[in-house]
Amino acid sequence: MDPILQQQPIAKKTPSIVTTIPVVTKEEIPKITQIASNVVQIGNKKWIDKYKFDYALDTKPGGGGWIYNKAKADMGATEFGAALVLAFACEEGGWGKGNDQSNTHNMFSLLSKNPKSKVGTAHGNVITYSSWDEGFSAFKNLIDEKYSGFNDLIKKEIVTADDINKALLSGSFHKQGGYTDSDKGKALFGILKYVIVFLNYSFTESVKKLDDEIKEDEKKFTKVTLPIYLPNATLNQDQLNLKAKKGALLSLQNELKKLAVSYGKL
C-alpha cells in the first residue's frame, strides 16, 4: 500500500481525494501486413516496392542491414542514428540500385572530378572503391572531415529535419561546399520512417524466432541446470549457447524499444 494511505484515518466529513492517472499514448510503428513478390504492404493502405524492403534488411556487405550495423560499430551511432545513416544510403544510392554499386561499392553517391570510374551524374562522377568497407570508410571520413555536426546527430535518440539541414549545410543553411542545396532533412525523414518500419519487422521476427528456440532449448535442462543459476566456468556448450541466445534476445528487445521511442517522436 502507498505510504500516504497508511496515515491517520480520514474523518467521515472530509471529501475523498480522487487521483487521476494520465493516459500515456504512443505512436506505434506501423506493421507490415503483407509481403508479395514485388511489393510490401504497410498497414491497410500503403504499398512500397519490395526491392526497397529487401535492400534495407540485407545484411550482406553493401546491403542496408550491413550499413545499419556498420554505422553502429564504426561511427558510434545509436539505433536511430544508424537508421538515419541507412536512410542516407537509400536516398543517395537509390535503395542499392544507383551508382552501379555492384562495381563501384559507392553507396552514398560520393563524387569526384577525377574519378576512378566512368559512372557519371549531373553533379559529378561516381568514385569507385575497391570494397564495400572502403566505400563505407570514405563516407565516414567525409562526415568526420566536413560534417562533424552530422556525427553528433547520429549519436542521439532523435533529431529534427532542421538539425540535419544545419549539420549538412542544406536547405536554408546551405553554403558553398555544403552537401546539397536541397532540403536534405525533409528527404531523409521521408525515407527514415520506412527504414524504421522495415527494421522493426526484421527485429520482431528475429525476436519471435529466438524466443521459440530458447523455449525449445530450455526443455533440455532442469531448473537447477539452467545457465542463469550457474557460474560461467561450469557451463557446457549447450548451456553457453542458451545463455548467448538469451543475451541476443534481450539486445533485440532493447533495440525494438529504442526504435519505437524514436519513431514516436518523428
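The values are calculated or read from the model by the stated rules, or taken from the named source; none is laboratory data. Treat the numbers as computed from the prediction; the structure is a model and nothing was measured. Virtual Cβ from ideal backbone geometry, glycine too; neighbours counted across all protein chains shown. The protein model used for the area step is the full one, side chains on, heavy atoms only, and it has no ligands, DNA or RNA in it. Shrake-Rupley method; radii C 1.70, N 1.55, O 1.52, S 1.80 Å.
What to note about this one:
- Hits in region 42-57 (condition: over 14 Å from Asn200 (Cα atoms) and either at pLDDT 95 or above or of a type in the set (Val, Ile, Thr) (or both)): Ile48, Asp49, Lys50, Tyr51, Lys52, Tyr55
- Output for region 127-170, where each listed residue is crowded, with 19+ Cβ neighbours inside 10 Å and closer than 16 Å to Pro61 by Cβ: Thr128, Tyr129, Trp132, Gly135, Phe136, Phe139
Residue by residue, here is whether (1) more than 26 Å from Tyr55 (Cα to Cα); (2) open to solvent by 30 Å² or more (accessible area, probe 1.4 Å); (3) aromatic (Phe, Trp, Tyr); (4) modelled with pLDDT under 90 holds:
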position: Lys208; (1), (2), (3), (4): no, yes, no, no
position: Lys220; (1), (2), (3), (4): yes, yes, no, yes
position: Thr234; (1), (2), (3), (4): yes, yes, no, yes
position: Gln253; (1), (2), (3), (4): no, yes, no, no
position: Tyr263; (1), (2), (3), (4): no, no, yes, yes
